[in-house]
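Step one of this worksheet: look at the structure below.
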Amino acid sequence: MITGKKIRLRAIEKSDLPKLCQWLNDEEVMYYWGHPGNTTSLAEVERWYDGELERRQQDRREYIIETLEGVAIGRIVYEHLSMKDRNAELGIQIGEKDYWDKGYGTDAVMTLLNYLFNELQLHRVWLGTHSYNGRAHKCYEKCGFVREGVHRESAFVRGEYHDGIFMGILRREFNQQASERQ
């Protein structure tokens, strides 16, 4: 378990699967994840979970984000981990809309970045999001990510094309920002 100021990151457990299924079938939650309108059965989530257990030993780790009071509110992942290049991709989803815009996502990202940079000794963490996801852009910029590139009109969501925005942060930038916050 990894603890932040407002949240804890813990391994996904079988008992979390109905909640994950709920988030995956929420149109608004999945719009910001880039996949609105998909439907996912609990059986599909269970099959994913069984495969996830195998992948944990490789280049990917997904966590449940829970409040310090123990309420599961989302998930966060690092994947495409390269120890040779010392980098990974980050993704986050706050599935409980009552917890949007309250700093939980920012704390989850900062907590995972601290782990990736100062425990795993990564050099760079990157992510991708869609141009319409202003809440995500604000969170990532607050965490120190900088915009690195755009894949123009790369996602077709709700009948329109949207740009893919790519952002990254280096360990020295993260640690510099962390020392300034103290």
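The values are calculated or read from the model by the stated rules, or taken from the named source; none is laboratory data. Keep in mind that what you see is a predicted model, and the values were worked out from it rather than measured. Positions of Cβ are generated from backbone atoms using ideal geometry, with glycine treated the same way; all protein chains shown enter the neighbour counts.
Structure notes:
- Hey, Leu170 crowded, with 16+ Cβ neighbours inside 10 Å and without any contact (Cβ under 8 Å) to a residue 60 or more places away in the chain or not: yes
Residue-by-condition table, conditions (1) under 30 Å from Pro18 (Cα atoms); (2) at pLDDT 95 or above; (3) in contact with a Cys (Cβ under 8 Å, 6 or more places away or on another chain); (4) among the charged types (D, E, K, R):
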| residue | (1), (2), (3), (4) |
| --- | --- |
| Val109 | yes, yes, yes, no |
| Tyr132 | yes, no, no, no |
| Val146 | no, yes, no, no |
| Val150 | no, yes, no, no |
| Ile165 | no, yes, no, no |
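- Residue list for the range 100-150, filter: of a type in the set (A, V, I, L, M) and touching a residue at least 60 places away in the same chain (Cβ under 8 Å): Ala108, Met110, Leu112, Leu113, Ala136
- Filtered by the rule that a residue be assigned to a helix (DSSP H, G or I) and of a type outside the set (D, E, K, R), the range 166-180 gives Phe174, Asn175, Gln176, Gln177, Ala178, Ser179.
- All positions within the range 104-119 that are surrounded by 14 or more Cβ atoms within 10 Å (Cβ to Cβ) and either outside any helix (DSSP H, G or I) or charged (D, E, K, R) (or both): Asp107
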